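Trainee: Pasting a structure here, questions to come.
The values are calculated or read from the model by the stated rules, or taken from the named source; none is laboratory data. Small disclaimer: the values here were computed from a predicted structure and weren't measured. Here Cβ is always computed from backbone atoms with ideal geometry, including for glycine, and neighbour counts include all displayed protein chains.
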Amino acid sequence: MPSRHEILSPLPPVNPGEMHVPCVLLVDNSDSLNCKGPNGRVPIDELNDGLVAFRKALDDNPLALGRADISIITFNSTVQTQLPFAPAANYVAPTLTASGCTAMNQGILTALDAIEARKSEYKNLGIPYYRPWLFLLTDGLPTDGRYESEAKRRLHEALQNKKLNFFPMGVGNADIAHLKSYTADGSGRVLKASATHFKEAFVWVSNSIGLVVNSDPRLGTVNLEPTPSNVALL
């Protein structure tokens, strides 16, 4: 098993009588995010702006602040839990720096562990919940290939059993075909954006979570809002 950063002191859910949705933002902060784009912008700055924009979008949806639980996990040469699960109202955007390699597979395993732990907490407290969300952002190929088969196996199992909503996003020169291999049938949809124009994707995630927590769970599915114009769905 990989050596993973310990999941630190999550905060308990609020509003226990209402439906909750756990969401992990799993983001790449490897060294390649330091490379300047043609507009002079650096991808790690766009990432930090996106994490701030995510909070601002949450503020526009009071129900999401009380029903969504957010965790931020990053991966470079190691995996770090920047924000353990906490109610969206407690979300504070971290300021990330970029360095190291791309331990994406270990990041996926850590995120899945965190989601399972949050689900167990819901069950112990008698809290109903929507299908968890995992949003993955990366700009390159993983460098921890020895964990790839385990990461894919667990992801595919969760997706096939409808226990997870998975939204992988490649920015810049990310290998879209490789990202697709992590989806349920190996050819699912993947978001794609330039390395310096993806902040809006975080707003889309936040707004989509807002739609989920405002929905009737008896409907089973929710029509999410269209992706932003600068984010392709491939």
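Trainee: Check whether at least one residue in the stretch 92-112 is over 21 Å from H178 (Cβ atoms), surrounded by 22 or more Cβ atoms within 10 Å (Cβ to Cβ) and without any contact (Cβ under 8 Å) to a residue 60 or more places away in the chain, and report yes or no.
Mentor: Checking the stretch 92-112: not a single residue is over 21 Å from H178 (Cβ atoms), surrounded by 22 or more Cβ atoms within 10 Å (Cβ to Cβ) and without any contact (Cβ under 8 Å) to a residue 60 or more places away in the chain.
Trainee: Let me ask something else about it. Which residue, of G66, G100, is out of contact with any Cys (no Cβ under 9 Å at 6 or more places or on another chain) and farther than 27 Å from V14 by Cα?
Mentor: Only one candidate qualifies: G100.
Trainee: Of all residues in the stretch 114-127, how many are surrounded by 14 or more Cβ atoms within 10 Å (Cβ to Cβ) and not hydrophobic (A, V, I, L, M, F, W, C)?
Mentor: 5
Trainee: Need a quick list: strands (runs of 3 or more DSSP E) entirely within the stretch 18-92 having at least 1 residues that are more than 17 Å from E200 (Cα to Cα) and of a type in the set (D, E).
Mentor: Per the criteria, 68-75.
Condition check ((1) surrounded by fewer than 23 Cβ atoms within 10 Å (Cβ to Cβ); (2) out of contact with any strand residue (DSSP E or B) (no Cβ under 8 Å at 6 or more places or on another chain); (3) of a type in the set (S, T, N, Q); (4) over 18 Å from V24 (Cβ atoms)) across all residues:
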{"position": "P43", "(1), (2), (3), (4)": "no, no, no, yes"}
{"position": "F54", "(1), (2), (3), (4)": "no, no, no, no"}
{"position": "A57", "(1), (2), (3), (4)": "yes, yes, no, no"}
{"position": "N61", "(1), (2), (3), (4)": "yes, yes, yes, yes"}
{"position": "A68", "(1), (2), (3), (4)": "no, no, no, no"}
{"position": "S71", "(1), (2), (3), (4)": "no, no, yes, no"}
{"position": "N76", "(1), (2), (3), (4)": "no, no, yes, no"}
{"position": "P84", "(1), (2), (3), (4)": "yes, no, no, no"}
{"position": "N90", "(1), (2), (3), (4)": "yes, yes, yes, no"}
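To keep it simple, each residue is scored yes or no on (1) exposed (fewer than 15 other Cβ atoms within 10 Å of the Cβ); (2) out of contact with any Leu (no Cβ under 9 Å at 6 or more places or on another chain); (3) at pLDDT 90 or above.
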{"position": "D139", "(1), (2), (3)": "no, no, yes"}
{"position": "P142", "(1), (2), (3)": "no, yes, yes"}
{"position": "L159", "(1), (2), (3)": "no, yes, yes"}
{"position": "S194", "(1), (2), (3)": "no, yes, yes"}
{"position": "D216", "(1), (2), (3)": "yes, yes, no"}
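Trainee: Does T143 satisfy the criteria of being closer than 30 Å to S120 by Cα and of a type outside the set (D, E, K, R)?
Mentor: no
Trainee: Show the residue pairs that are 6+ apart or on different chains and have beta-carbon atoms under 6 Å apart, the first residue being within the stretch 35-52 and within 19 Å of S99 (Cβ to Cβ), the second being small (G, A, S) and surrounded by 15 or more Cβ atoms within 10 Å (Cβ to Cβ).
Mentor: Here the result reads G37/A195; P43/A195; I44/A98; L51/A93, each pair linking the stretch 35-52 to a residue that is small (G, A, S) and surrounded by 15 or more Cβ atoms within 10 Å (Cβ to Cβ).
Trainee: Given the options P10, P22, name the one that is out of contact with any Cys (no Cβ under 8 Å at 6 or more places or on another chain), over 22 Å from F198 (Cβ atoms) and surrounded by 23 or more Cβ atoms within 10 Å (Cβ to Cβ).
Mentor: P22
Trainee: Among the candidates V231, V190, V203, single out the residue that is of a type in the set (A, V, I, L, M, F, W, C) and crowded, with 21+ Cβ neighbours inside 10 Å.
Mentor: After ruling out the rest, the residue left standing is V190.
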